[in-house]
Structures are given as structure tokens and as C-alpha cells.
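We did not get these values from a lab; they are worked out from the coordinates using the rules stated. No experiment lies behind these values; they were computed from the predicted model shown. Every residue, glycine as well, gets a Cβ built from its backbone with ideal geometry; the counts of neighbours run over all protein chains shown.
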Amino acid sequence: MKRRALLVAAASVVPSVALAQRTFRGLEVPAENDWEGEHRARPPVGDAAERAARLFEAIQRDDPEHARDFFFPLEPFRVLKGIADPEGYWNVLWGHYERDIHALHATVPAEATFERFEMTRRGAWVDRREEANAIPYWASRHDWVHYRVGESARRFEVRTLINWGPRWYVTHLG
């Protein structure tokens with residue numbers, strides 16, 4: 001009976017430990033970005049391919065808002081960057097994203113069709129205090145959106161993606 005009581009007590013502790021989350025500056029840090037975690041496997045591509053297709057549509061429409069969900073969100077960016085004015089820097093990056101979408105609009109014909117998103121193996125784990133960040137992340141660099149214009153295969157580069165949890169986000173398009 002005593003052994004069973006110990007097993008029940010132990011079992012009740014395990015879920016609470018598994019549910020413990022690290023918070024930083026008031027935001028829950030996903031396991032994929034935990035700097036003390038032992039498992040630092042690069043997150044899979046996940047839904048980045050679907051969001052890259054929306055980015056392609058945004059370029060064709062000349063409408064950056066259509067692909068806002070593929071750009072790194074402001075709230076985790078405030079936590080991620082260890083700089084004096086992360087929101088100001090985010091606004092600069094968003095402005096570059098808008099500019100790059102407008103520039104690509106001028107080069108991607110209206111009849112072009114999205115084919116696929118290619119996430120390369122370039123990039124690495126970016127530890128705390130590298131690249132002015134307070135939270136680590138995975139970076140994927142020099143990824144590609146492939147599209148077709150008639151019989152011609154074409155592509156454009158997505159320069160930098162970083163992860164927040166299992167999702168990948170653009171920080172630098174062109």
C-alpha cells in the first residue's frame with residue numbers, strides 16, 4: 001500500500017514538471033527557443049510552405065498585409081531582441097519586408113504560378129547574445145520560393161527565417 005501511494009504521488013508530480021514553462025519578460029518561451037533545453041533539434045519546415053505560398057500571392061497582389069503572418073510577430077520580437085528599442089527595429093524590418101514585396105511585384109509576372117518553398121540547410125542555432133538577441137533561435141538562411149512562368153522555372157530568395165517555437169518567420173526577405 002505504501003509503494004502504491006508513492007507511485008501515485010510520483011505520477012502526480014511528473015505532469016506538473018512537464019507543464020513547467022520558461023517565461024522571459026512576461027512571455028512564455030517555446031521549448032524550441034529554450035536556452036537551457038538539451039534538445040535543440042532544428043524545427044521542421046511545418047506550415048512555412050503554406051505561408052510562403054501566401055507570400056507569393058502577396059507579391060502578385062502587391063499587398064504586404066496578405067503575407068503578414070509569415071513575418072516575425074512583434075510581441076515575441078520584443079522579447080527575442082536584447083536591444084534598447086526592439087519595436088523600432090521591428091518597424092524598420094517590416095518596412096524592408098514591405099519594400100521587398102513591392103520590388104518583387106515588379107519582377108514576378110501576374111501569370112506566374114507558385115510551385116514550392118525550399119528551406120535549405122544553411123543557417124544554425126543562434127545562441128543568446130549573438131546578433132543582439134536575448135533569446136536563442138534557429139536561423140535558416142538563403143531559402144527559395146520556386147515559381148513558374150509558362151515553361152520557365154524561376155525563383156527568388158528569402159534571405160533569413162528565424163523560428164519562434166515550431167514556426168518559421170521571415171525577418172529579411174531581400
Checklist entry - Considering only the chain, what is the antiparallel percent among its DSSP beta bridges, to the nearest 5? => result 95 percent
Item to check | Helix-only CD estimate at 222 nm, as mean residue ellipticity for the chain, using -39500 (n - 2.57) per DSSP H run (n ≥ 4) | outcome: -11000 deg cm²/dmol
Next on the checklist: What three numbers, in Å, describe the spread of the alpha carbons of the range 42-172 along their principal axes, ordered from the longest?
Outcome noted: 46, 28, 18
Item to check | Unit charges at the beta carbon, dipole of the range 60-174: most positive-side option, I101, H142, V170 | outcome: H142
Checklist entry - Of V29, V158, how do they rank once you tally other Cβ atoms within 10 Å and put the fewest first? => result V29, V158
Item to check | Under 10 Å, Cβ to Cβ, from E115 - net charge with Lys/Arg +1 and Asp/Glu -1 | outcome: +3
Item to check | From phi via Karplus (6.51, -1.76, 1.60), per-residue ³J(HN,Hα) for the range 133-146 in Hz, x at Gly/Pro | outcome: 10, 9, 10, x, 7, 8, 10, 10, 10, 6, 8, 9, 9, 9
Checklist outcome for this item: The answer for W164, listing residues at least 5 apart or on another chain whose modeled amide H is closer than 5 Å to its amide H, is Y169
Checklist entry - What does the highest-first list of 53-64, 112-123 look like by mean Cβ count within 10 Å? => result 53-64, 112-123
Checklist entry - In nanometres, what is the gap between the two model label sites at E118 and A49, each 7 Å from Cα along Cα-to-Cβ? => result 1.4 nm
Item to check | Fluctuation leader among Y97, Y89, Y137 - the chain, Gaussian network, Cα springs under 10 angstrom | outcome: Y89
Checklist entry - Between R141 and R99, what is the label-to-label distance in nm when each label sits 7 Å out along the Cα-to-Cβ direction? => result 2.1 nm
Checklist entry - Mind checking the dipole of the chain: about its Cα centre, +1 per Lys or Arg Cβ, -1 per Asp or Glu Cβ, Debye to the nearest 20? => result 900 debye
